[in-house]
């Protein structure tokens with residue numbers, strides 16, 4: 001082997017001299033095609049013969065390499081390639097919420113009526129009235145303004161105008177229409193001209209539009225001020241909630257480059273139970289039975305999943321199994337949990353003031369909650385050093401505590417908990433952290449939002465203990481993907497792994513051992 005990585009003698013003649021890296025030849029016209037028995041011309045495959053290139057007008061057989069299509073002969077591949085082509089060709093121009101038709105005419109009239117209406121109304125007196133009372137007071141005044149503007153409206157248009165004006169003065173303007181629709185689960189405002197909604201797990205453009213950036217900013221301030229939060233140029237980020245418990249996040253310029261952005265996560269007015277989730281296909285009946293037993297038997301549960309996968313909904317459903325005689329404390333950044341228990345005390349963090357003081361973090365609330373004689377502590381979400389305090393609570397007489405965290409799998413959830421404890425200032429070896437997690441957590445429930453918009457429980461995993469430096473787990477239930485229907489729905493199967501639950505002893509203390517065993521086998 002030479003220093004150039006070529007064996008001596010190849011292409012260099014029989015003398016074994018310096019190897020040739022291709023031999024230059026004069027250009028030649030097309031000749032007869034070489035037969036398989038002919039020797040390979042000098043230069044090997046690096047410089048193919050020029051006679052493979054046909055002259056203009058010559059009828060030569062097409063090159064099979066040029067005709068080869070990876071999707072040819074395979075309908076599934078052909079369909080997939082067509083979908084990719086359609087995706088690439090999709091235009092992004094239709095990104096503005098354009099109000100058209102009847103709604104557009106009402107909004108145009110509103111712009112003319114509103115300034116004259118405000119001249120005739122005392123804002124302080126109007127703020128003390130309900131929406132229905134305000135609509136009654138507005139009706140004759142709106143008639144006067146319309147007469148001044150020489151506008152004639154029918155009964156339907158006048159009722160629509162009254163609603164729009166009342167929403168503008170007391171409500172959240174164009175958002176009221178979306179908030180009143182029970183089929184909408186998420187509202188995402190990306191500046192005054194674009195609003196998206198999520199309906200049945202799919203995003204679509206909403207048919208609303210704000211007057212301008214100032215109009216949208218006023219609505220964002222109205223939301224935050226109602227819960228004692230503030231949002232402006234100095235504090236451009238804010239977490240808030242609506243009266244019905246829906247979670248709101250607001251981010252304003254200069255952080256948001258397209259104007260004020262509002263994200264609203266709506267929650268169902270009717271409490272969702274585990275049976276409803278099982279009937280809706282989010283889990284199997286056996287999984288629902290096992291989770292009911294886990295909630296009633298005071299298992300320490302971690303609910304893991306991505307954004308919008310249904311972690312909070314699962315936590316609310318599990319809370320239905322808590323004994324009404326237990327004292328439950330919930331700790332959140334923005335209170336959104338709606339527990340269905342009589343003895344329930346929600347706690348909420350507080351952001352710092354303008355001087356940067358007075359902040360109360362989740363960790364402060366967890367420490368204080370331990371002095372409030374709780375039977376269970378439920379954390380809306382752990383994302384930092386408060387994880388250590390939560391594990392301490394689970395391990396010191398507060399069985400049945402629950403929390404949620406962002407993760408893609410049960411194994412990754414354990415790794416994230418280890419990392420979150422290490423983020424704190426506590427100098428504890430990694431093995432001691434892993435052992436505390438293994439001793440504290442009983443069950444990890446993995447929830448996921450699939451690409452068809454459905455939310456499903458994909459894994460129910462037990463934490464058994466330690467084997468060396470590794471946390472040992474075993475899977476009780478699993479969702480397995482099988483196929484996809486013609487309309488894009490995911491078809492799968494919930495499977496029980498047939499393993500004896502390690503937490504059976506804990507269920508036996510509450511008389512659920514036999515039911516737990518039958519559900520898992």
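We did not get these values from a lab; they are worked out from the coordinates using the rules stated. Worth saying up front: this structure is predicted, and the values here are computed from it rather than measured. As a convention, Cβ positions derive from the backbone with ideal geometry for all residues, glycine included, and neighbour counts pool all protein chains shown.
Each of 229, 411, 258 has some number of other Cβ atoms within 10 Å of its Cβ, and from fewest to most they run 258, 411, 229. Rounded, prolate or oblate for segment 389-435? Axes are the square roots of the Cα gyration tensor eigenvalues, ordered a ≥ b ≥ c, and the cut-off for rounded is a/c under 1.5. Note, shape of segment 389-435 comes out oblate. Classify segment 356-420 as rounded, prolate or oblate from the Cα gyration tensor: take a ≥ b ≥ c as the square roots of its eigenvalues, call it rounded if a/c is under 1.5, otherwise prolate when a/b beats b/c and oblate if not. Verdict is oblate for segment 356-420. Global dimensions of segment 178-229 from alpha-carbon coordinates: Rg and Dmax equal 12.1, 33 Å.
Give me 175, 354, 347 ranked fewest to most by other Cβ atoms within 10 Å of their Cβ, as a rough exposure proxy. Working shown, then result.
On the way: 175 22, 354 10, 347 19.
Least crowded to most crowded, the residues run 354, 347, 175.
Going by C-beta contacts inside 10 Å, put 200, 243 in order with the fewest on the left.
Numbers: 200 11, 243 8.
Fewest-to-most ranking of 200, 243: 243, 200.
Percent relative contact order of segment 171-267, based on C-alpha pairs within less than 8 angstrom and at least six residues apart? Don't skip to the end; give the middle numbers.
Values: 181 pairs, mean separation 26.5, N = 97.
This gives 27 percent for segment 171-267.
How many Å³ per residue does the convex hull of the Cα positions in segment 274-520 occupy? Provide the component values of the computation, followed by the final result.
Details: hull volume 33.3 nm³, N = 247.
Per-residue hull volume (Cα only) is 135 Å³.
Ellipsoid semi-axes for segment 199-281, based on the Cα gyration tensor and the rule √(5λ), read 29, 16, 11 Å when sorted largest first.
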